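Since the structure comes first, as structure tokens, the remarks are kept for the end.
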Amino acid sequence: MKRQYFNGNCYKYYFKDPKRKTLVLIHGLGLNQDVWAWQISLFKKNYNILIYDLLGHGDSKDPENEISLTLFADQLSAIVDYLDIKKAALVGFSLGSMISRKFASLHPSKVEGLVLLNSPNRLLDNERSEILERAKLLKEKGPESTTDAAIERWFSNEFQQNNPHIIQLVRNWVNSNRKEVYSKIYPILYYGSVDLKLVNEKKPSLIITCDQDFSNGPDAAKEIAKNLTNSEVCILKNLRHMALVEDYKKVFSKVDSFIATLGRH
């Protein structure tokens, strides 16, 4: 499917049947909609699927206002309204999961359920310092200065060794970000966590993370679950941050099983 555009937003909408549930897949910081490429072939068999590039990412326009989760939630709201999507389940990865939660708090009638993949919950002073230092490095030296460390955090050593073409593809995605924009958005990992600290959610929610995702792992997932009263936590073994790529079939299976329960909660 070719990329489509609306008011500076780049998206793809796999629409098959109005009777099907619609899923919105929201990518993470520094990536783009293509990170869902491994999932699309599985999801589109049974669902209508929307993927899109976040502001400042991929082929979407740069953010025009102050960076916030509300800004990104407003982007999603504009796209779903344009496509006349009345209600959807949101599947967000990393920053995308934070946007999902914010969108649900602002537009509850449009959300059927939430799937949060490897969601940040960065609230400590040392985490703020780490994020701001990384943003400073990005601004001064560009994304190439942080990509090697990111790959190590995101993928198991075995996967890196056995899939050099995928690793290079992800590296290219990250490195294609313009440092002025990427560094401006990066601190949202902390400030977005602060924003969501007091946001409670009753929508059915599945929180998935990995036992080796040290920044966004089991402890973060359990803390997030305290604010989602109708949630369950799933911990995947022997995976790091980007399980949605490294073991996409397992992630799909977990998400698909959860989506099937919506309407029965």
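The values are calculated or read from the model by the stated rules, or taken from the named source; none is laboratory data. Everything numeric here is computed off the predicted structure, so don't read it as measured data. Virtual Cβ from ideal backbone geometry, glycine too; neighbours counted across all protein chains shown. SASA here: full protein model, heavy atoms, side chains in, ligands and nucleic acids out. Shrake-Rupley method; radii C 1.70, N 1.55, O 1.52, S 1.80 Å.
Apart from one condition, Asn177 fits all of (1) surrounded by 15 or more Cβ atoms within 10 Å (Cβ to Cβ); (2) assigned to a helix (DSSP H, G or I); the exception is (2).
Within segment 95-117, being more than 16 Å from Leu262 (Cα to Cα), open to solvent by 10 Å² or more (accessible area, probe 1.4 Å) and in contact (Cβ under 8 Å) with a residue 40 or more places away in the chain holds for Arg101, Lys102, Ser105. Residues in segment 68-94 that are touching a strand residue (DSSP E or B) at 6+ places or on another chain (Cβ under 6 Å) and under 26 Å from Tyr186 (Cα atoms): Ile79, Ala89, Leu90, Val91, Gly92, Phe93. Among the numbered conditions (1) under 16 Å from the mean Cα position of the chain (by Cα); (2) part of a helix (DSSP H, G or I); (3) of a type in the set (A, V, I, L, M, F, W, C), the only one that Val80 does not meet is (1). Between a residue in segment 1-19 that is under 11 Å from Tyr82 (Cα atoms) and any residue that is open to solvent by 100 Å² or more (accessible area, probe 1.4 Å), which pairs come within a Cβ distance under 7 Å, given they are 6 or more apart or on different chains? Every condition considered, the pairs that remain are Phe6/Tyr82.
Output the residues belonging to segment 118-145 that are of a type in the set (S, T, N, Q) and surrounded by fewer than 20 Cβ atoms within 10 Å (Cβ to Cβ). Within segment 118-145, Asn126, Ser129, Ser145 meet the criteria. For residues in segment 209-265 being hydroxyl-bearing (Ser, Thr, Tyr) and touching a strand residue (DSSP E or B) at 6+ places or on another chain (Cβ under 8 Å), which is least open to solvent (accessible area, probe 1.4 Å)? In this case the residue turns out to be Thr209.
Go through segment 196-205 and count every residue that is touching a strand residue (DSSP E or B) at 6+ places or on another chain (Cβ under 7 Å) and either open to solvent by 10 Å² or more (accessible area, probe 1.4 Å) or of a type in the set (Asp, Glu) (or both). Before you say what the answer is, go through the steps one by one.
The first filter runs over segment 196-205 and keeps only residues touching a strand residue (DSSP E or B) at 6+ places or on another chain (Cβ under 7 Å), leaving 201, 203-205.
Then keep just the ones that are either open to solvent by 10 Å² or more (accessible area, probe 1.4 Å) or of a type in the set (Asp, Glu) (or both); that gives 201, 203-204.
Qualifying residue count, segment 196-205: 3.
Among the residues of segment 156-169, is there at least one that is of a type in the set (S, T, N, Q), touching a Pro at 6+ places or on another chain (Cβ under 6 Å) and in a helix (DSSP H, G or I)?
No - not one qualifying residue is present in segment 156-169.
For segment 112-126, filtering for residues that are in contact with a Ser or Thr (Cβ under 8 Å, 6 or more places away or on another chain) and not small (Gly, Ala, Ser) leaves 9. So which residues in segment 118-136 are assigned to a helix (DSSP H, G or I) and either touching a residue at least 12 places away in the same chain (Cβ under 8 Å) or under 17 Å from Asn227 (Cβ atoms) (or both)? Selection gives Glu127, Arg128, Ile131, Leu132, Arg134, Ala135, Lys136. So, in segment 4-51, how many residues would count as being aromatic (Phe, Trp, Tyr), open to solvent by 30 Å² or more (accessible area, probe 1.4 Å) and outside any helix (DSSP H, G or I)? Counting residues in segment 4-51 that are aromatic (Phe, Trp, Tyr), open to solvent by 30 Å² or more (accessible area, probe 1.4 Å) and outside any helix (DSSP H, G or I) gives 5. Beta carbons closer than 6 Å, at least 6 apart along the sequence or on distinct chains, pair a first residue in segment 80-91 that is under 14 Å from His107 (Cα atoms) with a second that is open to solvent by 10 Å² or more (accessible area, probe 1.4 Å) for Ile85/Thr22; Lys87/Lys110; Lys87/Glu112; Ala88/Thr22; Ala89/Glu112. For segment 111-145, a residue qualifies if it is among the polar types (S, T, N, Q) and more than 18 Å from the chain's Cα centre (by Cα), and the qualifying residues are Asn126, Ser129, Ser145.
Contact annotation: residue pairs with Cβ atoms under 9 Å, 6 or more positions apart or on different chains, pairing a residue in segment 144-167 that is within 19 Å of Asn216 (Cα to Cα) with a partner that is open to solvent by 80 Å² or more (accessible area, probe 1.4 Å), are Arg153/Phe214; Ser156/Asn238. Applying the set (1) touching a Phe, Trp or Tyr at 6+ places or on another chain (Cβ under 7 Å); (2) surrounded by fewer than 21 Cβ atoms within 10 Å (Cβ to Cβ) to Ser68 leaves exactly one unmet item: (1).
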